[in-house]
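What follows is a short report on a single structure.
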Amino acid sequence: MKVIDHLKKSKSTLFSFEILPPLKGKSIQSINESIDPLLEFNPSFINVTYHREEYIYKKREGGYLERIPVRKRPGTVGICAAIINKYKIDTVPHLICGGFSKEETENALIDLQFLGIDNVLALRGDAVKSEAHFVPEPGGNEHAIDLVKQIVELNKGKYLNEEASEVNSHLDFCIGVAGYPEKHFECPNIKTDLKHLKAKVEAGAEYIVTQLFYNNEKYFEYLKLCKELGINVPIIPGVKPISTKKQLQSLPKFFHVEIPEEFADSIEKCKSDAEAKEIGIEWGIKQCTELIKGGAPCIHFYTMGKSESVKRIAKAIF
Ligand code: FAD
């Protein structure tokens, strides 16, 4: 079932979460271990992230360095299909522009549809670590909106390089896109970022999932700005409980989000990660309670392979 239909059907706030494929060489068991503790909250859908290649450098004879592409977390498509098969829960694979030509994107979408997957989160992806800016693949999509447009065309049965007369089946995906209550880090200002978001919705995105945030005011303000601009699709808040002291620096660094002073002070005072985790759960409960009260259509948790905090928050709020 499509995410948009889950959202339309429900009268209360839904529960969903995101998982990462295991590192290459690890078994799928770790995925089951992330999902099993959360089944009691009846997740409407599970997102599976996509991780593009990184580059490692190996010293070769003669002293030169060989640049080798490595994908550390392959398996997004297989994991989505395995979850549907084992748990009968809808999955949302993340699909990115980076590293894909349009032809490869089309083939990936055809695979997904044949596997019974009818949802996709359309993203641009970040620049590869060794490059300062995002560079699209030759013949690939440059922005998430271009990927949305490609999926919309496929939903109409318009394949690349295929004569309409030879086509008798179209794809049928519900498309979600990313939104940033604290603005995307590359964008000069929130209003410009919102214009790009609106364009993604006008191109065919049916809902938005936000970047994680810790200050609900930013989310509620974002909803207001979206409404003023005529963005009327559901906006699902993304929540990631803090579970270590180090995340006080790493989360703002990687996700470009602020941690409110009161919360940061409490984490700073913790003597251990175990204490920080408890504070993170408390904050998560408070944050989600407010989001539900404020009418959030769904709360989407970023588990990052760790379900315990999410389980305790979900137990308190659902
Ligand atoms: P876009 O919508 O293309 O926006 C990127 C930037 O370009 C923004 O600053 C935007 O304002 C600007 N922009 C957009 N359109 C235009 C235009 N036409 N002209 C000029 N500027 C434009 N990354 C992964 O690699 N794998 C994942 O699985 C993954 N999952 C994510 C899930 C969520 C919910 C979120 C919020 C992010 C996720 N990301 C993931 C990270 C995401 O790929 C990065 O944040 C990336 O830098 C931007 O992706 P986007 O889809 O928002 O891009």
Next on the checklist: Can you find, within the range 243-277, the residue that is most open to solvent (accessible area, probe 1.4 Å) among those that are within 25 Å of C187 (Cβ to Cβ) and not in a helix (DSSP H, G or I)?
Outcome noted: E258
Checklist entry - So which residues in the range 108-165 are away from the ligand (no atom under 13 Å from the Cβ) and of a type in the set (D, E, K, R)? => result D111, D118, E137, E153, K156, K158, E162, E163
Checklist outcome for this item: Of all strands (runs of 3 or more DSSP E) fully inside the range 56-156, the set with 3 or more residues that are open to solvent by 50 Å² or more (accessible area, probe 1.4 Å) and touching a Leu at 6+ places or on another chain (Cβ under 6 Å) is none
Next on the checklist: When you scan the range 203-210, do you find a residue that is in contact with a Leu (Cβ under 7 Å, 6 or more places away or on another chain) and within 8 Å of the ligand (Cβ to nearest atom), even just one?
Outcome noted: yes
Checklist entry - From G284, G294, G280, which residue is modelled with pLDDT of 95 or more, open to solvent by 40 Å² or more (accessible area, probe 1.4 Å) and within 18 Å of Q211 (Cβ to Cβ)? => result G294
Next on the checklist: Quick check on this structure: which one of A199, A205 is over 30 Å from C270 (Cβ atoms) and either at pLDDT below 95 or in a loop (DSSP other than H, G, I, E, B) (or both)?
Outcome noted: A205
Checklist entry - What's the number of the condition K24 fails, among (1) in a helix (DSSP H, G or I); (2) over 26 Å from Q287 (Cβ atoms); (3) of a type in the set (D, E, K, R)? => result (1)
Checklist entry - So is I231 more than 16 Å from the ligand (Cβ to nearest atom) and either farther than 21 Å from H196 by Cα or surrounded by 20 or more Cβ atoms within 10 Å (Cβ to Cβ) (or both) or not? => result no
Checklist entry - Does G305 count as in contact with a strand residue (DSSP E or B) (Cβ under 9 Å, 6 or more places away or on another chain) and either aromatic (F, W, Y) or assigned to a helix (DSSP H, G or I) (or both)? => result no
Checklist entry - Within the range 166-190, how many residues turn out to be open to solvent by 40 Å² or more (accessible area, probe 1.4 Å) and near the ligand (Cβ under 10 Å from one of its atoms)? => result 7
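The values are calculated or read from the model by the stated rules, or taken from the named source; none is laboratory data. Treat the numbers as computed from the prediction; the structure is a model and nothing was measured. Because the Cβ atoms are built from the backbone with ideal geometry, glycine has one as well, and the counts that use them run over all protein chains shown. Each accessible area value is taken on the protein alone, full model and side chains, heavy atoms only, with ligands, DNA and RNA left out. Shrake-Rupley method; radii C 1.70, N 1.55, O 1.52, S 1.80 Å.
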